[in-house]
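Each remark here refers to the structure printed beneath this line.
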Amino acid sequence: MSYLSTRDFLDDKDFVDRWQYTLRTGELDLSWMQAATEPVRCTPQNERRGLTFRDLDVPGYGFSAMPEVARANRSFAPRGAEIPPGCPDLQAEVNRKSEVWAYNIEGYYEEAMSRQWNATTDVPWAELAKVELPDDIAKAYAQLLTFLTEVEMIATDVPAKWMGHLNADFFEVKNFISTQVMDEARHAEVFRKRALTTGWGLMRASPQNELNLMAQIPDMFHTQKEYCFRAMEQDAFPRFLRSKAFGNLTPVSALVRLVVGLIVLWIGLAVGFSLIFLDVQPKSKRFFVSAFSLLCSDSY
């Protein structure tokens, strides 16, 4: 397993010095052995069923005693582990248990895992290869498999994108979502393999079908739209105001505009009320004169 670090440790002098000192002296930091966690030894309640998440629901580690809002853990640390200073804040968006938890979610995960199947060996590919289809039907079948592969890839992406939004304490929920992702990925695998064994391969992707599928996922590009909106709100729009709108105003011109606007507004109101008191006909003339005066005052 590997991960992408935000720094090059070989360029970190403190890290290199500590590493070289440890190699020379053999003095290891064993403070991790004093972790402030509860020692437990969970055992299966049913030997035939095996060790399940429900068997791990014990004080300090279980899900039953989880608070409604996960406040203590904001990092990758698994629920129940000691969280030392320096762990990064992942800024998880979903921290409320009632928003994601479902009754028996741990059981759903165990059931999903027990019903996994292997698309490589469980499908009789050799038997399917013996079936010969007419060319027109085989092409139509390959086109259908192309469409189904598109659908399943989107069905894989949708649940997967929620993984990073959930607090790490919702371990069982994340695991269950991962089974759904794997299930949809397996569907995409089967449809692709079947398409490539028909003798025609994949056919033409459908832009209209993909647009229709994307329309059902309104928040697919939510992060990108949010970024563009924030950039416009915090950078582009203020610069536009400074260069265009505010750049045309000086203290003197602003005062002149205010005075002229108030005078025009007073004239407009005076004319409008005069027309009303004189009962000028038709009445529409009163409205147009008053509206024109208000528009002139607003332009200043």
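Computed from the coordinates by the stated procedures, all read-outs in this text should not be read as laboratory data. Bear in mind the structure is a predicted one, so any value in this text is a computation, not a measurement. For neighbour counting, all protein chains shown are included, and Cβ atoms are generated from backbone atoms with ideal geometry for every residue, glycine included.
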(message) Residue by residue through segment 146-161, what is 3J(HN,Hα) from phi via Karplus (6.51 cos²θ - 1.76 cosθ + 1.60, θ = phi - 60°)? Round to whole Hz and write x for glycine and proline.
(response) 4, 5, 5, 5, 4, 4, 5, 5, 5, 5, 6, 5, 4, x, 5, 5
(message) Which one, 167, 63, 143, is farthest towards the positive end of the dipole of segment 53-220 when Lys and Arg carry +1 and Asp and Glu -1 on their Cβ?
(response) 143
(message) Tell me the Rg and the Dmax, in Å, that the Cα atoms of segment 53-220 produce.
(response) 21.0, 67
(message) Give me the extension gain from residue 27 to residue 208: residue separation times 0.36 nm, minus the current Cα-Cα distance, reported in nm with one decimal.
(response) 58.7 nm
(request) Treat each spin label as a single point 7 Å out from the Cα along the C-beta direction, and report the residue 117 to residue 47 distance in nm. (result) 3.2
(message) Suppose the chain between residue 103 and residue 228 were pulled fully straight at 0.36 nm per residue; how much longer would it get relative to their current alpha carbon spacing?
(response) 41.2 nm
(message) Run the reach check for residue 193 against aspartates and glutamates, Cα to Cα strictly under 15 Å, same-chain hits fewer than 8 apart removed. What comes back?
(response) 122, 127, 150, 152, 184
(request) Starting at the first residue of segment 179-194, write each ³J(HN,Hα) from the Karplus equation 6.51 cos²θ - 1.76 cosθ + 1.60 with θ = phi - 60°, in whole Hz, x for Gly and Pro. (result) 5, 5, 4, 5, 5, 5, 5, 5, 4, 4, 4, 5, 5, 5, 4, 5
(request) Could you sort 83-90, 51-58, 133-140 so that the peptide with the highest average Cβ count within 10 Å comes first and the rest follow in order? (result) 51-58, 133-140, 83-90
(request) Using label points projected 7 Å from each Cα along Cα→Cβ, tell me how many nm separate residue 254 and residue 87, to one decimal. (result) 5.1
(request) Select from segment 107-173 those GluC sites (Glu not before Pro) which occupy a DSSP coil region and have at most 15 other Cβ atoms within 10 Å, ordered by residue number. (result) 132
